[in-house]
Every structure is written in structure tokens, then in C-alpha cells.
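As C-alpha cells, the structure follows; a few thoughts come after it.
The values are calculated or read from the model by the stated rules, or taken from the named source; none is laboratory data. Just so we're clear, the structure is a prediction, and the values are computed from it rather than from any experiment. Note: ideal-geometry Cβ built from the backbone for every residue, glycine included; neighbour counts use all protein chains shown.
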Amino acid sequence: MANIIDGKAVAADLRRNVTTAVSALKSAYGYAPTLAVILVGEDPASQVYVRSKHKFTKQAGMGSVAHKLPEDVDEQTLIDLIKTLNTDADVDGILVQLPLPSHIDTQRVIGVIDPAKDVDGLTEISAGRLSLGRPGLRPCTPEGCVILAKSALEKGDSLSGKHCVIVGRSILVGKPAAFLFLEQNCTVTIAHSRTKNLADVCRSADILVAAVGRPLMIKGGWVKKGAIVIDVGINRVANNTPRAKRKTKLVGDVDFEAATKYAMAITPVPGGVGPMTIACLLRNTVLAACARRNMTISQKL
Ligand code: GUN
């Protein structure tokens, strides 16, 4: 039976480190970093994410500013707000909650964010630095995947030389995850919907990262014995369990029950990768503040 990787506990550890770093910055420089989050529209899931980001940012001792814009806001108003935040000396990180309404050009909007404040790691500058192996702000969800995969290794083992198969090639997760696992000296394969013999490719993975956004697509038998499985999927599906209290439930991209029979360790959904995204965002906000304001912290974040 697989170990269940406790994403909530790993994220809580990282948030504790961030909180310690923030108090160190306050003592040494009299300054606490601030994160600005922009939410456009009323998407319920996005509202939940933004509330959590606000709560955990405050809990870590940092400043948190939320800007809420109506669903029908025009692109230029959003861009003007980002430009104002770019030049606001008190703002260290800017995050535009995705997805944006369809009348807004997401890439254009992201492109306006000052790369020094790009705590989501989504600008072309951040992506370029990642692909060149240069220091920079890394996207939060893929960074969380690497931390969780490391946490599941046996004592003394490392990711180096392991075959990491990433299913999904999105800009938010799949592509940056490939570079981040490469930085860990993994041999990386990116698979996707057109990959031939996907089951066989998955079965060759020591580390299997599922980021396709299709409920339960990765079957138990696709998992190599002893593999580490990181499930990024968060899919809401009908809950057919008899006498279930809720009509829907969250499932990942991996058939969790079946995969536990093969994997050495696996992340659950919910409670796996999800909590890591916010923890990594808080860390990025501290890193961005330190780089921009020439501050140093002695602890490793
Ligand atoms: N929506 C879902 N995940 C994310 C994320 O990591 N960053 C942003 N900005 N929006 C999201």
C-alpha cells in the first residue's frame, strides 16, 4: 500500500518557515512584504482561492491587498491597475487570479506585470529564466510538485537520475514542471493527449506527475511499482456514493484507490498539491521582496 503524501503538513511546514523569515525581515529591516491579488468577476472557485491566499498571507505576517474588479471590466482598466501596482513601492508581489473572463487577453495582461513582482512566475521573463536555468521566481504549483516528490523519497535518496513523466503540457503546470524536475537532474518526459502508448509511457515513470485536468484518467495499472505519484488535478464530479451528504466531490487526474496498490507514495485530492500552491506563493512573495529591496535572510526558504 502506498504512503499518502500529506500536502497539508508539508505546506504548513513551508508556511512556518515563511513566517519565521517574515519576522526576521521585520526585526532586521522593519519591513514586511506585501502581496496584491487581483480578482476579476465572481467565479466561486476563484473567490475561495483568493480568500485563502488573503488568510494565509496575513497569517504569515505579511501585508495582503485584494483588488476586486467586475466581470465586465475592460482590459485597459485591469492593465492600468497592474501598472499602478508595478510602481507602488509597498507592493512586492502581484497575482492576477486565473482564469480571466474570455473578453480579456490573459497573456497580454500577465505580460504587464513587473517581472520583479511576478510571484506567480508566469511572465515571459520568469519563464525564460526558468528555461535558461537562471535564478528567478518559479511558478507555484509545479514548485509544490517538486517539494512533495522530494518529501516522499526514502532517506538519503534524491530525484537525480530518476525518470519523471509529466502528463500535461500547460503553461501553468506541465511545461514549468518539466524544467523544474530537470533542474533536479531528473530525466524528463512530457506526455500529453496525443502521446502514443500513454499507459506504457506512464509505466516507465519513477515520478509520475498528472496535470491533464481529466478526472481519473490515469489508471492504477499505468503506475510503475514503487513510483511516486503527484496528482495536480482538481476535478469536481458527481458524487455517486450511496447516502452521500454532498452531490459533488473533488477527484484528481489519477484513479487514487487503484494507484495506491502500485505507488510507493501518492498525493491525495484534496490535500495534496493544492495546499502547496499557496505556501509557494508566500515564499515567492518573500523572495521577491528580498531581491527588490536588497534584503537578506539567513535561513533557507
Ligand atoms: N488559478 C488556479 N491556479 C492558479 C495559479 O496558480 N495562479 C493564478 N494566478 N491563478 C490560478
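List the residue pairs whose Cβ atoms are under 8 Å apart, where the first residue sits in the range 275-289 and is under 13 Å from Thr34 (Cβ atoms), the second is part of a helix (DSSP H, G or I) and of a type in the set (Ser, Thr, Tyr), and the two are 6 or more positions apart or on different chains.
Once the first residue is under 13 Å from Thr34 (Cβ atoms) and sits in the range 275-289, its partners that are part of a helix (DSSP H, G or I) and of a type in the set (Ser, Thr, Tyr) give Leu282/Thr57; Thr285/Thr57.
Wholly within the range 203-265, which strands (runs of 3 or more DSSP E) include no fewer than the required count, namely at least 1 residues that are crowded, with 19+ Cβ neighbours inside 10 Å and at pLDDT 95 or above?
Filter on the range 203-265 gives 207-210, 228-231, 248-251.
Identify, please: which residue in the range 117-161 is touching a residue at least 60 places away in the same chain (Cβ under 8 Å), within 17 Å of Ala178 (Cα to Cα) and charged (D, E, K, R) and is, among those, nearest to the ligand (Cβ to nearest atom)?
Asp120
Taking only pairs six or more apart or across chains, which ones have beta-carbon atoms under 6 Å, a first residue in the range 94-116 that is part of a loop (DSSP other than H, G, I, E, B), and a second residue that is among the hydroxyl-bearing types (Ser, Thr, Tyr)?
What qualifies is Gln97/Ser46; Leu100/Thr106; Ile113/Thr123.
I'm checking my understanding of the structure. Among residues of the range 165-200 that are over 21 Å from Arg134 (Cβ atoms), not in a loop (DSSP other than H, G, I, E, B) and not β-branched (Val, Ile, Thr), which one is farthest from the ligand (Cβ to nearest atom)?
Of everything passing the filter in the range 165-200, Asp200 is farthest from the ligand (Cβ to nearest atom).
Has the range 23-42 got at least one residue that is at pLDDT 95 or above, basic (Lys, Arg), in a helix (DSSP H, G or I) and surrounded by fewer than 19 Cβ atoms within 10 Å (Cβ to Cβ)?
Within the range 23-42, one or more residues are at pLDDT 95 or above, basic (Lys, Arg), in a helix (DSSP H, G or I) and surrounded by fewer than 19 Cβ atoms within 10 Å (Cβ to Cβ).
Could you say which residue among Val18, Val10 is away from the ligand (no atom under 16 Å from the Cβ), under 30 Å from Asp255 (Cβ atoms) and in a helix (DSSP H, G or I)?
Val10
In this structure, does Ala127 turn out to be surrounded by 15 or more Cβ atoms within 10 Å (Cβ to Cβ), closer than 30 Å to Lys219 by Cα and of a type in the set (Gly, Ala, Ser)?
The answer is no for Ala127.
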